[in-house]
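Engineer: Shown below is the structure under consideration.
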Amino acid sequence: MDSDRAIERAIETVARLYERSVLSHIPLHLAACGGCGGPSFQQPCPLCNFNPMGSDKGQWHPRTASRQFFCDRVAASASDGAGNLATWVLSASRKTVAYAQSYAFRQRLDGALAEAAHLEMPDPGLIHDRVAGDGMRYGRPSGTYGFWKFWDAARLLEEQGLQGPWGDESRADPLRAAIDEAVAALHDGRLADACGTLRAAALERLDHRYADRQAIRRAIDQFDELAPQIAEEEPTAGPRP
């Protein structure tokens with residue numbers, strides 16, 4: 001169905017926005033919550049707090065969260081009341097420890113939310129009908145070990161981009177540009193190119209006066225550990241949005 005394809009593409013678009021903004025893999029999915037029955041993408045449920053791994057059955061159980069309730073929650077995920085699937089998913093990260101304690105994370109996530117507000121997303125009512133009403137489940141691959149190591153190394157290198165004279169927006173940090181290029185390659189299914197781009201950028205940064213050489217070498221080691229896996233089989237990043 002066209003609606004299913006639209007939801008699948010939206011999930012991939014949201015996940016890629018999160019990944020290139022926060023530099024962390026997200027195995028995003030949508031499925032009916034075991035507590036309220038509404039669409040959910042995490043535990044505990046963002047609608048009712050149901051956690052299948054604990055004793056909390058959520059504030060709605062055994063009642064079912066209505067279609068209107070879900071649509072209202074999605075709309076409220078943006079400050080102007082015009083939220084969409086993207087803002088609803090990303091806004092959940094504002095409740096994390098990282099958002100509370102890390103200025104860099106807050107800055108990246110808030111930037112992603114600003115971009116998410118302008119994305120074209122499926123109607124929340126359609127999402128509710130397909131997930132809660134028809135029992136459909138949507139998701140993207142959880143990622144291989146290689147993906148996780150790539151993101152770990154990318155975050156190590158991003159911290160290096162925060163060191164030095166690049167606080168002035170008029171002076172773009174070439175390391176940040178390399179990270180953006182590598183993430184684009186990864187999302188295109190080219191893990192080898194992604195790792196190669198960042199490894200080369202890391203080697204160049206080693207001699208920089210502000211460099212944390214120990215952190216950079218850890219990132220390079222991550223890429224070297226990935227090399228044998230890449231040679232065997234390069235994983236795909238999922239459908240192109």
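The values are calculated or read from the model by the stated rules, or taken from the named source; none is laboratory data. On a predicted model such as this, the values are computed, not experimentally measured, just so you know. Glycine gets a Cβ as well: all are built from the backbone with ideal geometry, and neighbour counts include every protein chain shown. To get the accessible areas, we keep the full protein, side chains included, count just its heavy atoms, and leave off ligands, DNA and RNA. Shrake-Rupley method; radii C 1.70, N 1.55, O 1.52, S 1.80 Å.
Engineer: Just to confirm a number: summing +1 for Lys and Arg and -1 for Asp and Glu over residues other than residue 109 whose beta-carbon lies under 13 angstrom from that of residue 109, what do you get?
Structural biologist: Working: positive: 20, 94, 95, 106, 108; negative: 19, 110, 115.
Taking every Cβ under 13 Å from that of residue 109, the sum is +2.
Engineer: Separate question: How far apart, in nm, are two points set 7 Å out from the Cα along the Cα-to-Cβ line at residue 137 and at residue 92?
Structural biologist: The answer from the label model is 1.5 nm.
Engineer: Moving on to the next point. What nm value, rounded to one decimal, do you get for the distance between residue 118 and residue 42 when each label is placed 7 Å out toward the C-beta?
Structural biologist: According to this spin-label approximation, the distance is 2.5 nm.
Engineer: Please give the per residue accessible area of the chain, computed with a probe of 1.4 Å over protein heavy atoms only, in Å².
Structural biologist: Result: 51 Å² of accessible area for each residue.
Engineer: Still on this structure, please answer the following. Once you place label points 7 Å from the Cα toward the Cβ at residue 210 and residue 72, how far apart are they in nm?
Structural biologist: 4.8 nm
Engineer: Run the accessible area of the chain with a 1.4 Å probe and give the carbon-and-sulfur part as a rounded percent.
Structural biologist: Roughly 48 percent of what the probe reaches on the chain is carbon or sulfur.
Engineer: To the nearest 20 debye, what charge dipole does the chain have about its Cα centre, counting +1 at the Cβ of each Lys and Arg and -1 at the Cβ of each Asp and Glu?
Structural biologist: Computed charge dipole of the chain: roughly 700 debye.
Engineer: Taking 0.36 nm per residue of separation and subtracting the Cα-Cα distance, what length does fully extending residue 2 through residue 79 add?
Structural biologist: 24.7 nm
Engineer: How high is the relative contact order of the chain, in percent, with contacts defined as C-alpha pairs under 8 Å that are six or more residues apart? Can you show the working numbers first?
Structural biologist: On the way: 346 pairs, mean separation 51.6, N = 241.
After rounding, I find 21 percent.
Engineer: In addition: Counting residues in the chain as N, plug N into 2.2 N^0.38 Å and put the Cα Rg over that result. Don't skip to the end; give the middle numbers.
Structural biologist: Values: Rg = 19.6 Å, N = 241, 2.2 N^0.38 = 17.7 Å.
Normalised by 2.2 N^0.38 Å, the Cα Rg of the chain equals 1.11.
Engineer: Quick check on the chain: helices-only [θ] at 222 nm, where DSSP H runs of length 4 and up contribute -39,500 (n - 2.57) each and the sum goes over total residues. Nearest 500, please.
Structural biologist: Using -39500 (n - 2.57) per qualifying helix, the result is -16500 deg cm²/dmol.
Engineer: Roughly what angle does helix 2-22 make with the longest principal axis of the chain, taking Cα atoms, 0 to 90 degrees, to the nearest 10?
Structural biologist: So the helix axis and the longest Cα principal axis differ by about 40 degrees.
Engineer: Order these peptides, 93-100, 40-47, by their mean beta-carbon neighbour count within 10 angstrom, highest first.
Structural biologist: Taking the mean over residues of other Cβ atoms within 10 Å, the ranking is 40-47, 93-100.
Engineer: May I pose another question? Averaged across orientations, what area in nm² does the convex hull of the alpha carbons in the range 1-134 project?
Structural biologist: Average of the hull's projected areas for the range 1-134 equals 8.1 nm².
Engineer: Which whole-number percent is the relative contact order of the range 1-134 (Cα, under 8 Å, 6+ apart)? Don't skip to the end; give the middle numbers.
Structural biologist: Values: 186 pairs, mean separation 35.0, N = 134.
Once divided by the residue count of the range 1-134, the mean separation gives 26 percent.
Engineer: Can you tell me how much longer the chain between residue 181 and residue 152 gets when fully stretched, taken as 0.36 nm per residue apart minus their C-alpha distance, in nm with one decimal?
Structural biologist: Value of the extension gain: 8.8 nm.
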